[in-house]
Amino acid sequence: MIGQPYLIDVDWGDLVQAVITAVISFAVLLVSVMLMVWFERKVVSRLQNRIGPNQAGPFGLLQTLFDGTKLFFKEDLIPAEADRFVFKLAPYLALVPAFLMFTIIPVAGDFSNGHDGSVMVGGEKMFFQVIDPPVGILFFLAMSALGVYGIMLAGWSSGSKYPLIGSVRASAQVISYEAALGLALASVLLVTGTLSTNGIVQAQSGGFTSWALVTTGFVPFVIFVIAGTAELNRPPFDLVEAEQEIVGGFHTEYSSIRFALFFLAEFMNVVTMSAIFVTLFLGGPAPAWDFPWIDLPLPGALMGFIWFFGKLLIFLFMFVWFRATLPRLRYDQLMDLGWKVLIPLALGWLLVLAGIRVAQDNNIGLADTAFGDTLIILVIGLAGLAAGAGLLAAAIKNARNEASAVALPTSGIVGMED
Amino acid sequence: MSLFALIAQETPQFLPQNIAFGVIAVISVVAALKMVTTSNVVHAALYLVLVLASVAATYILLAAEFVAATQILVYIGAVMVLMLFGVMLTRAQIGAEDDLNHDQRWIGGLVAALLLAVMSYALIDHYGDDRLPETIVPQTTAEVSDEIFSTYIVPFEAISVLLLAALIGAIVVARRD
């Protein structure tokens, strides 16, 4: 491509190949979403001492398919007060980014022993991901930012109170947690040194100890998982659709296939976000360790998929486990966690990692060896982090004291008089 | 000879880009006009999203993918979401609003025309009859960041400080204790 006129001489073979991979990955994603819905219902049932779906198909596997078919034939209602065009548009705005996010994830491929995860098909190098854009993981951030439009507009266009409250909550929540998400992701980029998802996986292909989970020091991983859960509006961050408070939140007024589309988008996001966790922190399809004692007669690409799927299952189960175990956060707790804990911690940790990176790359000369330099920088960095945390805690405490010292007016709402 | 045929004859190697640019430009202009004429605040915001998205598409056309991703991330993903959030918190009635139009539209039009004239003059003055190179090599993120953190480090830092000032200012304005 480079060196030729840009975009001229379209290679039709490439085009067909791109369309085929996109269609295949969409189908795979749909099937996995179907199974994820079943998985969630089954696991939650077991955690709550119930049985769960067990009638449709073996182990109730076909339950989702049957539910979807049923929803297809239900009456499609649009409220009289609704903004009709936006109301119809919103479910697609939720669904499309959810799928697009999945396209950058390498789902299989042989990454062991320095392979780059490609396979040769008919003399052409192919990767097990739909696209590998130069902006790489930024594409994920952009798409996850777009995802909120579906929820926001659905709530607004319903012309109803509870959906509007739900969508306002959603936008506030997503904006608050996006910063922490981005900062935790930046830590991974700092360690792996590339934006490309394929490159990120390659950088983690040296076994368990090379995973970003370990090399970034666990903290960004924890932040990313919490912020990611909040970004998905999954429990315990599901204030957006808190049943006890605002009925169904943004999708209260939706029925029939439009509701099914929201449902689909939500679970697609769960699968995609889990895949992003795996790609960023657990090395995607790269193996955790070699099996020198068994020599499986499987091609490396398939082994990659097995690794990927195994890691994916951990997070899928984690999301279900969260839902069954954790109580929902209150709104102020949600904002406190995001702004006062996650963002400062993510920012501080990023600075510490950057300091370590500088110490490794340059000869600072604090100690005799580069390792000594790194150690000193690490200690200084952690001390700085602790000092910053102390300052922040003191500032929060001070602000709280001041706020409680202000006498509250005996009647009316605070701040109404000015 | 139609404009289309003229373009095709002048620069045959850029025909796909020219077609794509035409489509994007039409979407952008129509959305921009609708944005100022619609009588619903949320619709206006959505048209603005469309304008910003078509600008991002133009960046992709110019092989500046990092800028396009940033455009989506910052303007569509953050600024517009915040704007819609504000609108929904305060007033977000469905259907047309009567009090959106007022008699200052001619001044607004005048300012817009003036802005267009100045920007057109600046662009034509600077680029004149320059053409895009025959080969456009997509710019990588690393190249962009190298430029920002070497050649343009001073403007970059100045903007950072400016944003910080805006941030602190917003907090000061917001809390009145």
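The values are calculated or read from the model by the stated rules, or taken from the named source; none is laboratory data. Computed from a predicted model, the values in this text were never measured in an experiment. Ideal geometry is used to build each Cβ from the backbone, glycine not excepted, and the neighbour counts take in all protein chains shown. Keep in mind that these areas ignore ligands, DNA and RNA; they rest on the heavy atoms of the full protein, side chains included. Shrake-Rupley method; radii C 1.70, N 1.55, O 1.52, S 1.80 Å.
Taking Lys and Arg as +1 and Asp and Glu as -1, the other residues whose beta-carbon sits under 14 Å from that of A:ARG41 total +1. A:ASP110 exposes around 40 Å² of accessible area when a 1.4 Å probe is run over every protein chain in place. Across the range B:41-74, the residues whose backbone nitrogen lies under 13 Å from the label position 7 Å along the beta-carbon direction of B:TYR152 are B:64-68, B:70-71. Compared with the alpha-carbon gap, the fully stretched path from A:ARG330 to A:ALA403 is longer by 24.3 nm at 0.36 nm per residue. Measuring only protein heavy atoms, the 1.4 Å probe finds B:HIS102 accessible over about 110 Å². Each part gets one Cα centre, and for the range A:39-117 versus the range A:212-284 those centres are 12 Å apart.
Between A:ILE306 and B:LEU89, the C-beta separation translates, for a Förster distance of 56 Å, into a calculated FRET efficiency of about 0.70. Rounded to the nearest 0.05, the FRET efficiency derived from the C-beta distance between A:LYS88 and A:ASP116 at R0 = 41 Å is 0.40.
Largest first, the residues A:SER157, B:SER28 sort by 1.4 Å accessible area into B:SER28, A:SER157. Would you mind telling me which residue in A:THR369, A:THR69, A:THR216 has the biggest mean-square fluctuation in a Gaussian network model of chain A, where springs connect alpha carbons within a distance under 10 angstrom? Among A:THR369, A:THR69, A:THR216, the largest GNM mean-square fluctuation belongs to A:THR369.
When the alpha carbon gyration tensor of the protein assembly as shown is reduced to an equivalent ellipsoid, its three semi-axes come out at 36, 34, 31 angstrom, largest first.
Modelled label positions at A:GLU81 and A:ALA386, each set 7 Å beyond Cα in the direction of Cβ, lie 5.6 nm from each other. Compared with the alpha-carbon gap, the fully stretched path from B:ILE168 to B:VAL23 is longer by 48.1 nm at 0.36 nm per residue. Computed over chain A, the per-residue total of -39500 (n - 2.57) for DSSP H runs of n ≥ 4 gives a 222 nm mean residue ellipticity of -21000 deg cm²/dmol, rounded to 500. Count Lys and Arg as plus one, Asp and Glu as minus one, and take only other residues whose Cβ is under 9 Å from that of A:ALA242; the net charge is then -2. For peptide A:133-145, the mean count of partner chain Cβ atoms within 10 Å of a residue's Cβ comes to 6. Considering all C-alpha pairs of the range A:343-397, those separated by over 12 Å amount to 64%.
Take chain A and mark each of the GluC sites (Glu not before Pro) that is in a DSSP loop with at most 10 other Cβ atoms within 10 Å; the longest unmarked stretch, sites excluded, is A:76-416. Going 7 Å from the Cα of B:SER145 in the Cα-to-Cβ direction, what parts of the range B:51-90 have a backbone nitrogen less than 19 Å from that spot? Inside the label zone: B:64-74.
For a quick check of understanding: with a 1.4 angstrom probe and all protein chains in place, what accessible area in square angstrom does A:PHE127 have, to the nearest ten? Its heavy atoms expose roughly 80 Å² to the probe. Can you tell me the FRET efficiency between B:ALA112 and A:TRP339 if r is taken as the Cβ-Cβ distance and R0 is 22 Å, rounded to the nearest 0.05? Calculated value: 0.05. Within a straight-line Cα-Cα reach of under 26 Å, A:LYS340 can be paired with the following lysines, leaving aside sequence neighbours fewer than 8 residues apart in one chain: A:LYS397. Along the range A:230-247 the Karplus relation, 6.51 cos²θ - 1.76 cosθ + 1.60 evaluated at θ = phi - 60°, assigns HN-Hα couplings of 5, 5, 7, 6, 8, x, x, 9, 9, 5, 4, 10, 5, 4, 6, 10, 10, 6 Hz to successive residues, with x for each Gly and Pro. Surface listing: B:TYR121, A:TYR162 arranged by accessible area from highest to lowest gives B:TYR121, A:TYR162, probe 1.4 Å.
Relative protection proxy for B:50-56, A:182-188, from highest mean packing down: A:182-188, B:50-56 (other beta-carbon atoms within 10 angstrom).
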